[in-house]
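The values are calculated or read from the model by the stated rules, or taken from the named source; none is laboratory data. Since we're looking at a predicted model, the values are computed, not measured. Cβ placement follows ideal geometry from the backbone for every residue including glycine, while neighbour counts extend to all protein chains displayed.
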Amino acid sequence: MGKRLGLIVNPVAGIGGRVGLKGSDGAEVQQRARALGATPQALHRAAEALERLMAVEDLEIVTYPGEMGEDAIRAGGFDFTPNWTVRVVGSITPSATTARHTRQAAREMQRLGVDLLLFAGGDGTARDIYEAVGLDLPVLGIPAGVKIHSAVYATSPRGAGDLAALYLEGRAGSLREAEVMDIDEEAFRQGALAARLYGYLRIPYRTSLVQSTKVASTGEAAALAGIAEDVVESMQANCLYIIGPGTTTRGIAGALGLEKTLLGVDVVRLAEGQGAVPTAEKRGELVAADVNEAQLLALLDEQGEPGAERALPARIIVTPIGGQGFLFGRGNQQISPRVIQRACTHARQPWENLIVVSTPDKLYALGTQPLLVDTGDQAVDELLTGYVIVVTGYHERAVRKVAH
Amino acid sequence: MNQKASKSHARTELPAATPPLSRPSQVTDGKPTLRRFHQARWDEPIIFELSQPGQRGVLAPELEDGICSEVGDVLMTLPENMRRKRPPELPELSQPQVLRHYVRLSQENLGTDLNVDVGQGTCTMKYSPKINDQLARSPKVAELHPLQAEETVQGILEIMYRFEQILREISGMDRFSLQPGAGSAAIYTNASIIRAYHAFRGEAEKRDEIITTIFSHPSNAACARTAGFKIITLYPDEEGYPDLEALKAAVSERTAGLMITNPEDTGIYNPNIAEFVRIVHEAGGLCAYDQANANGVLGITRARDAGFDLCHFNLHKTFSTPHGCGGPGGGVVGASKELARFLPVPLVEVDGTEGRASLYYLDWDRPDSIGKIGPFYGNASVIVKAYAWIMSLGAEGLREVAEIATLNNNYLLHRMLEIPGVSAPYARGRHRIEQVRYSWQELAEQTGVHSEELGLRAADFGVHYWTSHHPYIVPEPCTLEPTESYSKDELDEYADIMAHVAGEAQADPELVRTAPHNSTIHTIDHTPLDDPSRWAMTWRAYQKKVKRQT
């Protein structure tokens with residue numbers, strides 16, 4: 001049974017990096033980069049990934065013309081691979097492709113029913129793919145851009161090829177949602193870092209080639225349900241819960257019967273009289289959806305002055321960004337240093353009112369690398385540095401180092 | 001033969017007539033360094049599928065009329081609700097069919113008596129002398145019944161008593177229960193004793209957290225969870241050592257105990273182990289030492305001397321009884337004097353009072369005991385084998401076991417690190433105790449060949465290989481534990497096979513990725529292991545879940 005793979009190369013991805021331009025978004029920057037002698041990286045990186053797909057038999061590759069994919073295939077001679085067929089669709093004007101072409105190509109490949117869409121690019125490319133296909137199509141990024149904040153990319157082009165091969169051969173069966181992040185390039189070039197969460201794409205995920213019979217891995221869905229049950233069990237009446245973006249945190253709102261905004265920070269509390277009911281029956285009340293810093297501070301004010309006799313508690317729930325480990329300062333800047341400070345005032349230790357949740361797999365992928373905070377306020381970053389106890393499942397915790 | 005074609009080999013396809021895909025053995029100094037190996041492949045059905053109605057292995061003689069009329073229908077003496085409405089659906093086969101079936105299965109196995117079994121790290125695969133099996137199989141042991149009167153089983157009780165004294169000496173603990181039937185049963189016993197201790201002190205509600213480390217045997221987290229505890233897992237520091245600062249962040253008035261393996265499954269000995277114990281004790285918790293990895297520390301360190309309150313040994317690992325095929329095993333649990341009251345019942349005691357019917361007896365009168373963790377007094381045959389193994393070595397011999405196991409491991413480590421593409425993450429440049437968790441990450445990045453695939457190719461040369469428990473914290477892991485049983489030549493053979501396979505991954509990745517070629521079966525689909533709707537632990541479940549779908 002043959003498989004169909006989509007391939008999109010963003011030809012200008014990474015063009016700004018070698019010449020120190022911190023990104024490649026916008027026609028003007030691309031022209032400057034070319035003027036500075038930059039050469040496109042994406043073609044070679046895509047070819048490197050395809051090299052690792054050679055083990056897949058009966059493959060049909062659907063791609064866009066010339067620099068958007070076809071060239072990478074010809075450069076590597078993949079069109080001569082036995083049992084592979086290459087189908088070029090769409091049309092472009094060479095050296096004048098834009099984000100619009102990426103989105104158009106992704107939609108076209110989705111229409112043609114590809115099993116997986118491989119794309120080479122950076123954060124900007126990931127955003128375009130997200131806008132075009134959302135969560136409907138399994139995709140995987142070949143890292144080729146200057147900025148890679150998004151968790152939808154493999155760690156290397158070869159890694160992308162390997163994972164794609166496993167997925168197409170049915171050996172990496174599960175898919176998970178990974179973050180599409182991007183920074184404001186204009187601000188970045190001026191020295192300011194402001195990463196935003198734009199959405200999620202579904203990427204293949206390598207559990208393992210061979211399962212050991214000694215351990216049964218339970219999968220992403222069970223892990224998310226366990227985390228949600230644990231957090232909901234601990235929820236108290238009258239406490240304000242500020243919930244950051246993420247798939248993991250979305251599950252917590254879901255367990256309370258609430259719909260969470262995908263990218264925003266939402267504020268919830270237990271509904272009236274729900275403090276003592278069994279965990280599975282607890283219902284929440286949405287206090288405010290997709291709030292900004294000012295709204296958060298106003299809501300915290302309503303809880304009363306921290307430490308005052310009648311003050312009501314507030315807690316913040318966040319999950320680390322996949323592949324990077326940022327807890328604060330990436331994708332959840334609404335939870336500002338002032339908001340964090342406010343929640344931490346009068347806590348016995350800094351993390352008491354900050355609930356960190358993560359699937360075990362997300363932590364494993366970080367290896368021994370610490371979790372990170374970059375709130376923009378040195379004092380708050382230092383306050384949070386040390387160790388945090390992360391909720392990884394129902395009644396399961398992991399202790400992780402936090403650095404800034 | 002086309003290499004790519006080999007990947008699609010179905011299980012039923014006939015093996016190739018020509019020697020399939022094994023490269024000619026390399027010849028050095030006139031002798032081949034790698035043996036040519038080909039495993040039997042019988043395509044043998046499950047025994048239930050071989051069943052034919054009416055086939056019999058043994059024909060029971062007809063009863064004489066006189067007996068029948070005297071005894072009547074013997075089944076009628078059973079209570080109504082225990083009588084089957086219809087006979088069990090056992091497979092029906094003749095004796096030679098059964099014999100052939102199991103001999104064929106045994107030939108399709110890469111068992112420890114067949115291969116240089118250093119590739120099953122954490123399992124302590126060592127040679128188990130056959131004479132110990134003979135002792136355990138002798139009628140004197142095999143025909144004992146656990147419900148016999150004490151005075152008629154003084155011999156086995158004496159062995160159990162003496163064995164406990166030996167374990168006390170090895171660990172420094174004060175009392176042992178031999179009852180748990182496996183490592184996880186022992187770890188569950190440890191968790192139950194920790195719970196009982198805090199309940200005894202009126203703190204069971206408050207102290208509900210068990211701390212463990214990610215490189216401890218995962219059974220510590222799993223058993224403590226099963227016993228009702230919350231689990232806090234510590235991650236290693238950048239050097240791969242258990243993180244003392246993380247422990248300090250984890251302990252609190254809710255800490256019930258620490259349950260860890262040491263050395264960890266990386267082969268790294270926790271240099272701060274005494275400090276770990278002190279911190280947990282100061283917080284009011286107990287410390288349980290999983291000694292599944294004791295093979296490198298026998299006669300060198302003792303659990304009690306490091307301050308631990310509880311420990312357990314796997315008789316089927318360290319004490320050679322042997323390990324494999326799911327049992328029978330033994331997970332003996334040792335406790336300090338303070339905690340001995342909580343051990344499972346019964347314990348074997350000795351009473352030399354004159355006039356007593358027997359010297360050794362079973363003490364059931366232990367009101368604070370956690371109760372029973374398994375049937376009777378433990379796996380008697382396993383205890384006999386472990387006792388025989390220890391008696392054949394003596395105290396000095398046990399220490400020599402640890403020294404040679406460690407020496408062997410560090411020699412293999414040295415040989416392995418000569419292979420391009422492999423590394424031994426953490427504690428760089430340091431020796432390891434009895435095993436190493438290697439990483440083939442560099443090779444995988446260069447070649448796209450994964451650790452599991454190297455293992456499947458290694459099977460083509462007749463050796464076993466294992467990656468790691470989940471999760472794969474060490475990327476592309478491979479865990480080797482050579483124990484004391486293997487000679488330098490055998491370790492060299494294993495290292496040569498690893499080097500050869502890693503070389504093939506560089507030169508001809510497809511050959512490795514499509515392995516095994518000379519083994520019983522090719523790769524099988526493991527995804528049902530993640531899918532409860534497709535698990536089939538019994539023939540009935542298999543028919544219900546799997547057969548009906550196909």
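Hey, which of the helices (runs of 4 or more DSSP H) in region B:171-253, taking only ones fully inside, have at least 3 residues that are under 26 Å from B:VAL332 (Cβ atoms) and at the interface with another protein chain (Cβ under 10 Å from one of its Cβ atoms)?
Numbers: elements: B:183-200, B:219-226, B:244-250.
Hits in region B:171-253: B:219-226.
Please go through region A:301-319 and give me each residue that is touching a Ser or Thr at 6+ places or on another chain (Cβ under 7 Å) and free of Cβ contacts under 8 Å to residues at least 60 places away in the same chain, ordered by number.
Passing the criteria: A:PRO306, A:GLY307.
Return the residues of region B:514-535 that are away from chain A (no Cβ under 14 Å), surrounded by fewer than 22 Cβ atoms within 10 Å (Cβ to Cβ) and more than 25 Å from the chain's Cα centre (by Cα); say none if nothing qualifies.
The one that is away from chain A (no Cβ under 14 Å), surrounded by fewer than 22 Cβ atoms within 10 Å (Cβ to Cβ) and more than 25 Å from the chain's Cα centre (by Cα): B:ASN518.
Which ones in region B:241-252 are at pLDDT below 95 and either surrounded by fewer than 22 Cβ atoms within 10 Å (Cβ to Cβ) or of a type in the set (Phe, Trp, Tyr) (or both)?
Residue satisfying the conditions is B:TYR241 alone.
Could you tell me whether B:ILE370 is under 22 Å from the mean Cα position of the chain (by Cα) and either closer than 24 Å to B:GLY172 by Cα or touching a residue at least 12 places away in the same chain (Cβ under 8 Å) (or both)?
Values: under 22 Å from the mean Cα position of the chain (by Cα): no; either closer than 24 Å to B:GLY172 by Cα or touching a residue at least 12 places away in the same chain (Cβ under 8 Å) (or both): yes.
Here the answer is no, as B:ILE370 does not meet what is asked.
If B:VAL436 satisfies all but one of (1) surrounded by 24 or more Cβ atoms within 10 Å (Cβ to Cβ); (2) within 14 Å of chain A (Cβ to nearest Cβ); (3) of a type in the set (A, V, I, L, M), what's the number of the condition it fails?
(2)
Looking at (1) closer than 25 Å to B:LEU34 by Cβ; (2) away from chain A (no Cβ under 14 Å), find the lone condition where B:TYR542 falls short.
In the conditions (1) closer than 25 Å to B:LEU34 by Cβ; (2) away from chain A (no Cβ under 14 Å), B:TYR542 misses (1) alone.
Looking at region A:93-109, which of the residues that are crowded, with 17+ Cβ neighbours inside 10 Å and in contact (Cβ under 8 Å) with a residue 60 or more places away in the chain is farthest from A:PRO138 (Cα to Cα)?
Checked region A:93-109; the qualifying residue farthest from A:PRO138 (Cα to Cα) is A:THR97.
Being of a type outside the set (Asp, Glu), in contact with a Lys or Arg (Cβ under 9 Å, 6 or more places away or on another chain) and without any contact (Cβ under 8 Å) to a residue 60 or more places away in the chain narrows it down to one residue among B:GLY172, B:GLY155; which is it? I'd like the intermediate steps shown before the answer.
Working: B:GLY172 fails: without any contact (Cβ under 8 Å) to a residue 60 or more places away in the chain.
B:GLY155 is the lone residue from the list that is of a type outside the set (Asp, Glu), in contact with a Lys or Arg (Cβ under 9 Å, 6 or more places away or on another chain) and without any contact (Cβ under 8 Å) to a residue 60 or more places away in the chain.
Please tell me if A:VAL402 is in a strand (DSSP E or B) and either at the interface with chain B (Cβ under 9 Å from one of its Cβ atoms) or under 19 Å from A:THR249 (Cα atoms) (or both). Show your work before the answer.
Details: in a strand (DSSP E or B): yes; either at the interface with chain B (Cβ under 9 Å from one of its Cβ atoms) or under 19 Å from A:THR249 (Cα atoms) (or both): no.
No: the conditions fail for A:VAL402.
Applying the selection to region A:136-183, what residues are within 12 Å of A:TYR200 (Cβ to Cβ) and outside any loop (DSSP other than H, G, I, E, B)? Quick ask: steps written out before the conclusion?
Here is the first cut: in region A:136-183, the ones within 12 Å of A:TYR200 (Cβ to Cβ) are A:136, A:139, A:150-152, A:175-181.
Correct list: A:VAL139, A:LEU175, A:ARG176, A:GLU177, A:ALA178, A:GLU179, A:VAL180, A:MET181.
For region B:15-34, check the following and say yes or no: at least one residue is at pLDDT below 90, touching a helix residue (DSSP H, G or I) at 6+ places or on another chain (Cβ under 8 Å) and among the small types (Gly, Ala, Ser).
Kept after step one, since they are at pLDDT below 90, are these residues of region B:15-34: B:15-34.
Filter once more, so that each one left must be touching a helix residue (DSSP H, G or I) at 6+ places or on another chain (Cβ under 8 Å): B:20-23, B:26, B:33-34.
Narrowing the set further to residues that are among the small types (Gly, Ala, Ser) leaves B:22.
The answer is yes; a qualifying residue exists.
Take region A:155-208 and flag every residue that is modelled with pLDDT under 70, hydrophobic (A, V, I, L, M, F, W, C) and in contact with a Gly (Cβ under 7 Å, 6 or more places away or on another chain).
Once the filter is applied, which keeps residues that are modelled with pLDDT under 70, hydrophobic (A, V, I, L, M, F, W, C) and in contact with a Gly (Cβ under 7 Å, 6 or more places away or on another chain), region A:155-208 yields only A:PHE188.
Being away from every other protein chain (no Cβ under 14 Å) and touching a residue at least 12 places away in the same chain (Cβ under 8 Å): is that true of B:LEU511 here?
Values: away from every other protein chain (no Cβ under 14 Å): no; touching a residue at least 12 places away in the same chain (Cβ under 8 Å): yes.
It is false that B:LEU511 is away from every other protein chain (no Cβ under 14 Å) and touching a residue at least 12 places away in the same chain (Cβ under 8 Å).
Going through region B:254-272 one residue at a time, which ones are surrounded by fewer than 21 Cβ atoms within 10 Å (Cβ to Cβ) and within 12 Å of chain A (Cβ to nearest Cβ)?
The answer is B:ARG254, and nothing else.
Are any residues in region B:406-415 surrounded by fewer than 21 Cβ atoms within 10 Å (Cβ to Cβ) and either under 9 Å from B:GLN435 (Cα atoms) or not hydroxyl-bearing (Ser, Thr, Tyr) (or both), and if so, which ones?
First pass over region B:406-415, keeping only residues surrounded by fewer than 21 Cβ atoms within 10 Å (Cβ to Cβ): B:407, B:410-411, B:413-415.
Result: B:LEU407, B:ASN410, B:LEU413, B:HIS414, B:ARG415.
Which one is farthest from A:GLN295 (Cα to Cα), of the residues in region A:229-275 that are surrounded by fewer than 22 Cβ atoms within 10 Å (Cβ to Cβ) and of a type in the set (Ser, Thr, Tyr)?
Among those that are surrounded by fewer than 22 Cβ atoms within 10 Å (Cβ to Cβ) and of a type in the set (Ser, Thr, Tyr), it is A:SER234.
Listed here are the residues, each with its yes/no results for (1) in contact (Cβ under 8 Å) with a residue 40 or more places away in the chain; (2) charged (D, E, K, R); (3) exposed (fewer than 10 other Cβ atoms within 10 Å of the Cβ).
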position	(1), (2), (3)
B:LEU59	no, no, yes
B:GLU64	no, yes, yes
B:ASP73	no, yes, yes
B:THR77	no, no, yes
B:SER94	no, no, no
B:LEU114	yes, no, no
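Is at least one residue of region A:62-84 of a type outside the set (Ser, Thr, Tyr), in a strand (DSSP E or B) and either more than 14 Å from chain B (Cβ to nearest Cβ) or within 20 Å of A:VAL152 (Cα to Cα) (or both)? Even if it seems obvious, please write down each step before you answer.
Quick first cut of region A:62-84, residues of a type outside the set (Ser, Thr, Tyr) only: A:62, A:65-80, A:82-84.
Subsequent filtering for residues that are in a strand (DSSP E or B) retains A:62, A:69, A:84.
Next, only the ones that are either more than 14 Å from chain B (Cβ to nearest Cβ) or within 20 Å of A:VAL152 (Cα to Cα) (or both) stay: A:62, A:69.
Yes.
Would you tally the residues in region A:369-392 being more than 20 Å from the chain's Cα centre (by Cα) and within 14 Å of chain B (Cβ to nearest Cβ)?
6
Considering only residues that are of a type in the set (A, V, I, L, M, F, W, C) and within 14 Å of another protein chain (Cβ to nearest Cβ), which ones fall in region A:34-61? Explain how you work it out, then say what you get.
Residues of region A:34-61 of a type in the set (A, V, I, L, M, F, W, C): A:35-36, A:38, A:42-43, A:46-47, A:49-50, A:53-56, A:59, A:61.
Across region A:34-61, the qualifying residues are A:ALA49, A:LEU50, A:LEU53, A:MET54, A:ALA55, A:VAL56, A:LEU59.
Are any residues in region A:276-317 touching a helix residue (DSSP H, G or I) at 6+ places or on another chain (Cβ under 7 Å), surrounded by fewer than 16 Cβ atoms within 10 Å (Cβ to Cβ) and not aliphatic (A, V, I, L, M), and if so, which ones?
A:THR279, A:GLU293
Determine whether B:ILE497 is surrounded by 22 or more Cβ atoms within 10 Å (Cβ to Cβ), within 14 Å of another protein chain (Cβ to nearest Cβ) and aliphatic (A, V, I, L, M). Step through it out loud before you land on a result.
Working: surrounded by 22 or more Cβ atoms within 10 Å (Cβ to Cβ): yes; within 14 Å of another protein chain (Cβ to nearest Cβ): no; aliphatic (A, V, I, L, M): yes.
Answer is no for this residue.
Test B:ALA224 against the criterion of being more than 20 Å from A:THR368 (Cα to Cα) and either surrounded by fewer than 24 Cβ atoms within 10 Å (Cβ to Cβ) or in contact with a helix residue (DSSP H, G or I) (Cβ under 6 Å, 6 or more places away or on another chain) (or both), and give yes or no.
Working: more than 20 Å from A:THR368 (Cα to Cα): yes; either surrounded by fewer than 24 Cβ atoms within 10 Å (Cβ to Cβ) or in contact with a helix residue (DSSP H, G or I) (Cβ under 6 Å, 6 or more places away or on another chain) (or both): yes.
Answer is yes for this residue.
Please go through region B:442-490 and pick out each residue that is touching a His at 6+ places or on another chain (Cβ under 7 Å) and more than 9 Å from chain A (Cβ to nearest Cβ). Before you say what the answer is, go through the steps one by one.
Going residue by residue through region B:442-490, those that are touching a His at 6+ places or on another chain (Cβ under 7 Å) are B:444, B:460, B:476.
Listed by number, the residues that qualify are B:ASP460, B:GLU476.
Condition check ((1) exposed (fewer than 13 other Cβ atoms within 10 Å of the Cβ); (2) modelled with pLDDT of 95 or more; (3) not acidic (Asp, Glu)) across all residues:
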position: B:ALA357; (1), (2), (3): yes, no, yes
position: B:GLY374; (1), (2), (3): no, no, yes
position: B:GLY378; (1), (2), (3): no, no, yes
position: B:SER392; (1), (2), (3): yes, yes, yes
position: B:ILE404; (1), (2), (3): no, yes, yes
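For region B:378-478, which fully contained helices (runs of 4 or more DSSP H) count at least 3 residues that are in contact (Cβ under 8 Å) with a residue 12 or more places away in the chain and among the β-branched types (Val, Ile, Thr)? Steps first, answer last, please.
Numbers: elements: B:380-416, B:441-447, B:451-458.
Those helices (runs of 4 or more DSSP H) span B:380-416.
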